[in-house]
Amino acid sequence: TGFFGSAVWSCWSFSFSSKPIVVYEMFKALATQLSIALFLSHDIGNRDAQEVSELMSTHWRGMISVPVSVRAPWAWWKSGYSKALTAKDRLTEIISEYLKSNPSNIASGIQESCTDQDTAVRQLLLFTSALIPKALASLLTSTVLALSDPENVRWRQCHTQDGALEDVSLEVQRLWPPFFGGRRICTQACEVGGYKIPKDHSAVYSALHANRDPSLFPEPDSFKPDRWTNENANDRDKVWTFGGGPRHCIGKLLSTSLLKECTVELLKHYQWEVLADQDLTYKTLPIVRPKHDIQAIFTRIPQTLPA
């Protein structure tokens, strides 16, 4: 927690200005910086951090595109998948360089646990290109928009109230899971909700809809953090934002820890105002986030030194 807090603050200190900024893009940049600090190096320079951030985005977009590597050298054109392969090669070069110089504690641990350098690089490529930055950016954006609603402003003090931060964080995850859902492959024939699923077939679930099931969550479309101490006090494990059961997302604990740390730093040090007359409609693919570039102004809260 101490590292998260200091890392968040060091990244945050230069992220905001008094001018309107695109909320999601700002949080994505912050989350990328945190991911790099955790999984690569604490001392990565701004120039390298910017390159890694761009390479991570190119690599991720290409990995979810049609897996066909096509190039047209005469037109300086590459398919998304081809660009992803090029980005992967450059990322592995950068990772190798930092493993030799000043790796983070996590990077060092992975390097020590692997049998050779190539395996360590591939493992770190998986971590640096994982979806944690996009998930965190989505959740932080939703937190800012939710707490901008006049009816929810009182929850901006949740970091000072016992248990309230957990409730706000979980309610944001319930209403706006970063990813629409997921899938599981049936290892044996089974029946779910009256539907028979053959062996080796996929079952797709929607976290977005499961989290708003009215039979489980009263007023499912309403932002009600206090539901977790009232009518849904025993239902915390029924939020499927990161899946459920023993096969839930392995990044759940890290993502939720980072979300809470970032939210605390945000609430302690900043006020914000979302610009008026913006369309706050959400899109669901590939990331659940506002469809448009929502802008806000963040203002630093003057800190009072103890007497």
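Which entries of LYS238/LYS283; LYS199/LYS260; LYS83/LYS134; LYS28/LYS88; LYS78/LYS134 have Cα-Cα distances beyond 30 Å here? Working shown, then result.
Working: LYS238/LYS283 23 Å; LYS199/LYS260 40 Å; LYS83/LYS134 20 Å; LYS28/LYS88 20 Å; LYS78/LYS134 24 Å.
With Cα atoms farther than 30 Å apart: LYS199/LYS260.
Contour minus end-to-end for GLU97 and ASN230, with contour as 0.36 nm per residue of separation and end-to-end as the Cα-Cα distance? Don't jump to the answer; show the numbers that get you there.
Values: separation 133, 0.36 × 133 = 47.88 nm, distance 5.19 nm.
Roughly 42.7 nm would be gained on extension.
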Quote the relative contact order of the range 180-307 in percent (integer), defining contacts as alpha-carbon pairs under 8 Å separated by 6+ residues. 17 percent
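Which trypsin sites (Lys or Arg not before Pro) from the range 155-231 combine a DSSP loop assignment with at most 12 other Cβ atoms within 10 Å? Mind showing how you got there, number by number?
Numbers: sites: ARG156, ARG174, ARG183, ARG184, LYS196, LYS199, ARG212, ARG227; in loops: LYS199, ARG212.
Filter output for the range 155-231: LYS199.
Taking R0 as 22 Å, what's the FRET efficiency between GLU219 and ARG156 from their Cβ-Cβ distance, rounded to 0.05? Mind showing how you got there, number by number?
Working: r = 21 Å, r/R0 = 0.96.
In this case the efficiency is close to 0.55.
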Can you tally the net charge around CYS262? Count Lys and Arg as +1, Asp and Glu as -1, for every other residue whose Cβ sits under 15 Å from the Cβ of CYS262. +2
The range 114-252: relative contact order in percent, alpha carbon pairs under 8 Å with at least 6 residues between: 21 percent
For GLN303, net neighbour charge (Lys/Arg +1, Asp/Glu -1) across residues whose Cβ lies under 14 Å away: +1
In nanometres, the difference between 0.36 nm per residue of separation and the alpha-carbon distance of GLU25 and ILE106 is 26.6 nm
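Kirkwood hydrodynamic radius for the range 162-307: how many Å is it when counted over pairs of different Cα atoms?
Details: mean 1/r = 0.0559 Å⁻¹.
For the range 162-307, inverting the mean 1/r across all distinct Cα pairs yields 17.9 Å.
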Over the alpha-carbon set of the range 157-230, work out the extent along each principal axis and list the three values in angstrom, largest first. 50, 21, 17
One finds the C-alpha centres of the range 83-125 and the range 244-307 to be spaced, in Å, by 29 Å
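What does the helix-only formula give at 222 nm for the chain: each DSSP H stretch with n ≥ 4 adding -39500 (n - 2.57), the total divided by the residues, and the result rounded to the nearest 500 deg cm²/dmol? Don't skip to the end; give the middle numbers.
Details: 10 runs with 137 residues, N = 307.
Helix contribution divided over all residues of the chain: -14500 deg cm²/dmol.
Roughly speaking, to the nearest percent, how much of the range 169-299's 1.4 Å accessible area is carbon and sulfur?
Accessible surface attributable to carbon and sulfur in the range 169-299 totals 54 percent.
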Taking Cα pairs under 8 Å and at least six residues apart, what relative contact order does the chain come out at, in percent? 22 percent
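So what's the chain giving for Cα Rg divided by 2.2 N^0.38 Å, two decimals?
Working: Rg = 20.9 Å, N = 307, 2.2 N^0.38 = 19.4 Å.
This ratio for the chain stands at 1.08.
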Give me the number: length gained by fully extending THR281 to HIS42, i.e. 0.36 nm times residue separation minus the C-alpha to C-alpha distance, one decimal in nm. 82.4 nm
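The values are calculated or read from the model by the stated rules, or taken from the named source; none is laboratory data. Because the structure is predicted, anything quoted here is derived from the model rather than measured. Note that each Cβ is placed from the backbone with ideal geometry, even for glycine, and that neighbours are counted across all protein chains shown. Keep in mind that these areas ignore ligands, DNA and RNA; they rest on the heavy atoms of the full protein, side chains included. Shrake-Rupley method; radii C 1.70, N 1.55, O 1.52, S 1.80 Å.
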